[in-house]
Amino acid sequence: MSSVAAIQATPTEVSPQDAWLIKFHITASIVWLVIGMLGGTLMGYRLTSPAAAEFLGSTAELSFGRIRMFHTHSVIFGWLTNGFLAFSYYAIPRLTGRKLWLSKLARINAPLVQIALVIGGGAILTGHAQAVEHTEAPWYADAAFALCFVVSLLCCVGTILRSGVRNMYVSLWYLVLGFVFTALNFVMANTIVAFVAPGAAGASLAGLWIHNAVGLWVTPMGSAIIYYLLPVTLRKPIASHKLSLLGFWTLAFFYPLGGSHHYFYSPVPWWLQMLAVPLTFSLIFVVYSVVYNFFATMKGQWKQITHNIPLRWLAFGIFNYITTCTQGPFHALLSVQQVIHFTDWVVAHAHLALFGVFSWWLYAFSYWVWPKLTGRGYSKALAEWHFWITFLSFWVLYYIPDTIAGLMQGFFWLTTLPLQDSLEAAMPFWITRAISGVLLVAGTTIYVINLFFVKQAKHGLEVAGE
Ligand code: HEM
Ligand code: HEM
């Protein structure tokens, strides 16, 4: 079914109950974003001045290690996951033509998700973390989160399966993949990796978890968003439905098993590391086919990004996507790995993907859907401020400096110079990163004011006709 046909086949009204549910998850996601960004900014300062290091270092809860885990917990599970749930609850009824199955349960579940996340975050800060990167909350918080996640899965995938929709639109494929795979992946990480598999075997599986958390949770959920929003904001179908399905199936086929690329030059079996190189590199073709489809859809429409705020976040996110996904295959080559592994290059790559792509597509979704749910527009001027502060401070003060810092660190470490020299070389770039943290928090504050506190604005209301 074509994208516009699929989306238009469904009613435009959102029931008050579903509107509450979607608004709840969007609000929760933004609260977690602010908390996560404050954590990131604290860490940034921690690395730039002895005074900050002394202050934060003397309070165990604010020590670098704990804040780092708390930061990723807040942004991956709090911000992105809540945002993805909001999108799923909005899009699935519209793409299947069915009401959300178990919607009452989803409304009870929504605050429970936040409780599970608060328990996990509190445990991390008070020193009860487990040693599985990017899912450091302890077992009891994980068990609570897993239960909540399964409830969301039932509501979302259940609605899709019960609708009997044939020729599913590509967003639905991505949502099913994201939910089903992530339920399995999360349970695997928090049982087998956390308690059963020892040493290098555990590390291989941890690599699988990290890799698939970003590749089979964040990526499919984000792809579902852009495949939905691009046609509706442009009011024209996606250029090629066949190409969109090719992108989906190649991601599902090639992506899952390349996880050991997070552990190059480690005690993980060499054949596994070698296998990860071609598997990872082949992703470049997947990504380029997807991006070609987006560009083909945008053809002749680029000038719309001057006034259409959601479309602008989508379009700039696409550029970030092609940048980070060009970087990715190359830094999986063993020669490049020798330089960039363990450096800030990887941190920059991670932020360009998780923030510059998927967070920006979530911004697009919230600017698009919020006026529909509340009947209230937002201020175009404030939205412009949010965009430009975020775009400039992220690219100019965070991504580019961190990438340069990473390259310098890598080349320093290949010499016999003392570690101190590489730290001193990275310092100017870490200072700009810390400044960007403050500006990004400022930009997010404007975003919050715009969505929640501006009463009279009209911008965005014209989308109600979809
Ligand atoms: C104010 C904005 C932010 C600042 C200043 C910031 C800063 C930082 C810092 C300093 C680190 C630790 C780097 C290290 O260990 O050397 C970090 C890690 C990380 N941050 Fe952020 N961050 C911000 C926002 C975000 C957002 C919005 C996301 C995701 C949506 C995110 C995802 C991550 C991830 C995944 C890591 C771990 C990276 C890795 O392991 O390579 N951050 N961040
Ligand atoms: C074709 C696209 C991509 C490829 C080939 C790729 C490849 C890689 C590789 C090889 C690493 C390990 C670098 C190292 O530790 O030395 C890495 C790290 C990372 N990538 Fe990607 N990447 C791609 C896209 C993405 C996307 C779309 C996301 C987010 C959804 C992402 C998130 C991350 C994160 C968070 C890390 C740091 C993980 C950690 O903390 O250890 N990447 N990527």
Breaking point among (1) surrounded by fewer than 24 Cβ atoms within 10 Å (Cβ to Cβ); (2) farther than 21 Å from residue 442 by Cα, for residue 77: (1)
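Answer with yes or no whether residue 225 is within 13 Å of ligand 2 (Cβ to nearest atom), β-branched (Val, Ile, Thr) and either more than 18 Å from residue 283 (Cβ to Cβ) or not in a helix (DSSP H, G or I) (or both).
Values: within 13 Å of ligand 2 (Cβ to nearest atom): yes; β-branched (Val, Ile, Thr): yes; either more than 18 Å from residue 283 (Cβ to Cβ) or not in a helix (DSSP H, G or I) (or both): yes.
Yes; evaluated as a whole, the condition is true for this residue.
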Options 195, 149: the member that is in a helix (DSSP H, G or I) and open to solvent by 50 Å² or more (accessible area, probe 1.4 Å): 195
Of residues in segment 137-170 being touching a residue at least 24 places away in the same chain (Cβ under 8 Å) and β-branched (Val, Ile, Thr), the one nearest to residue 68 (Cα to Cα): 150
Filter pass, residue 13 being at pLDDT below 90, among the charged types (D, E, K, R) and either within 16 Å of ligand 2 (Cβ to nearest atom) or not in a helix (DSSP H, G or I) (or both): yes
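Take segment 22-52 and flag every residue that is among the aromatic types (Phe, Trp, Tyr) and modelled with pLDDT of 95 or more. Spell out the reasoning first.
Initial filter on segment 22-52 (among the aromatic types (Phe, Trp, Tyr)): 24, 32, 45.
Of everything in segment 22-52, those that are among the aromatic types (Phe, Trp, Tyr) and modelled with pLDDT of 95 or more turn out to be 24, 32.
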The one condition in (1) outside any helix (DSSP H, G or I); (2) within 22 Å of the chain's Cα centre (by Cα) that residue 88 fails to fulfil: (1)
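Could you grab me the full set of residues in segment 297-306 that are part of a helix (DSSP H, G or I) and either open to solvent by 60 Å² or more (accessible area, probe 1.4 Å) or within 15 Å of residue 319 (Cβ to Cβ) (or both)? So that I can check it myself, show each step before the final result.
To start, the set of residues in segment 297-306 that are part of a helix (DSSP H, G or I) comprises 297-298, 302-306.
Of everything in segment 297-306, those that are part of a helix (DSSP H, G or I) and either open to solvent by 60 Å² or more (accessible area, probe 1.4 Å) or within 15 Å of residue 319 (Cβ to Cβ) (or both) turn out to be 297, 298, 302, 303, 305, 306.
Just checking: which of the helices (runs of 4 or more DSSP H) contained wholly in segment 311-397 hold 1 or more residues that are more than 10 Å from ligand 2 (Cβ to nearest atom), β-branched (Val, Ile, Thr) and open to solvent by less than 40 Å² (accessible area, probe 1.4 Å)? Walk me through how you get there before you give the answer.
Numbers: elements: 334-340, 344-351, 360-374, 380-392.
Once the helices (runs of 4 or more DSSP H) in segment 311-397 are filtered for at least 1 residues that are more than 10 Å from ligand 2 (Cβ to nearest atom), β-branched (Val, Ile, Thr) and open to solvent by less than 40 Å² (accessible area, probe 1.4 Å), what remains is 360-374, 380-392.
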Criterion violated by residue 59 - all others in (1) over 27 Å from residue 178 (Cβ atoms); (2) away from ligand 2 (no atom under 16 Å from the Cβ); (3) open to solvent by 50 Å² or more (accessible area, probe 1.4 Å) satisfied: (3)
Segment 269-328, residues that are within 16 Å of ligand 1 (Cβ to nearest atom), of a type in the set (Ser, Thr, Tyr) and touching a residue at least 60 places away in the same chain (Cβ under 8 Å): none
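Scanning segment 257-269 for residues that are out of contact with any Phe, Trp or Tyr (no Cβ under 8 Å at 6 or more places or on another chain) and assigned to a helix (DSSP H, G or I), which turns out most open to solvent (accessible area, probe 1.4 Å)?
Residues of segment 257-269 that are out of contact with any Phe, Trp or Tyr (no Cβ under 8 Å at 6 or more places or on another chain), as a first pass: 257-258, 260-269.
If we keep only those that are assigned to a helix (DSSP H, G or I) too, we end up with 257-258, 260-263.
Values: 257: 122, 258: 2, 260: 8, 261: 36, 262: 65, 263: 55 Å².
The residue in question is 257.
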Identity of the residue in segment 246-256, open to solvent by 50 Å² or more (accessible area, probe 1.4 Å) and in contact (Cβ under 8 Å) with a residue 24 or more places away in the chain, that ends up farthest from ligand 2 (Cβ to nearest atom): 246
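Given the residues 162, 166, which is the only one that is at pLDDT below 95 and either over 23 Å from the mean Cα position of the chain (by Cα) or open to solvent by less than 10 Å² (accessible area, probe 1.4 Å) (or both)? Show your work before the answer.
Values: 162 fails: at pLDDT below 95.
Within the list 162, 166, the selection yields 166.
Of everything in segment 62-71, what is open to solvent by 20 Å² or more (accessible area, probe 1.4 Å) and assigned to a helix (DSSP H, G or I)? Give them in sequence order. Let's see the steps before the verdict.
We begin by selecting, within segment 62-71, every residue open to solvent by 20 Å² or more (accessible area, probe 1.4 Å); these are 62-66, 68-71.
Correct list: 62, 64, 65, 66, 68, 69, 70, 71.
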Hits in segment 31-69 - residues which are in contact (Cβ under 8 Å) with a residue 40 or more places away in the chain, more than 13 Å from ligand 1 (Cβ to nearest atom) and in contact with a helix residue (DSSP H, G or I) (Cβ under 6 Å, 6 or more places away or on another chain): 61
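Kindly establish whether residue 340 is in contact with a His (Cβ under 7 Å, 6 or more places away or on another chain) and within 12 Å of ligand 1 (Cβ to nearest atom).
Numbers: in contact with a His (Cβ under 7 Å, 6 or more places away or on another chain): yes; within 12 Å of ligand 1 (Cβ to nearest atom): yes.
Considered against the rule, which asks whether it is in contact with a His (Cβ under 7 Å, 6 or more places away or on another chain) and within 12 Å of ligand 1 (Cβ to nearest atom), residue 340 comes out as yes.
Picking from 420, 409, which residue would you name as being open to solvent by 30 Å² or more (accessible area, probe 1.4 Å), polar (S, T, N, Q) and part of a helix (DSSP H, G or I)?
On the way: 409 fails: open to solvent by 30 Å² or more (accessible area, probe 1.4 Å).
Sole residue among the options that is open to solvent by 30 Å² or more (accessible area, probe 1.4 Å), polar (S, T, N, Q) and part of a helix (DSSP H, G or I): 420.
The values are calculated or read from the model by the stated rules, or taken from the named source; none is laboratory data. In this text, all values refer to a predicted model and were calculated from it rather than measured experimentally. Neighbour counts run over all protein chains shown; Cβ positions are idealised from the backbone, glycine included. For accessibility, only protein heavy atoms count, side chains too; no ligands or nucleic acids. Shrake-Rupley method; radii C 1.70, N 1.55, O 1.52, S 1.80 Å.
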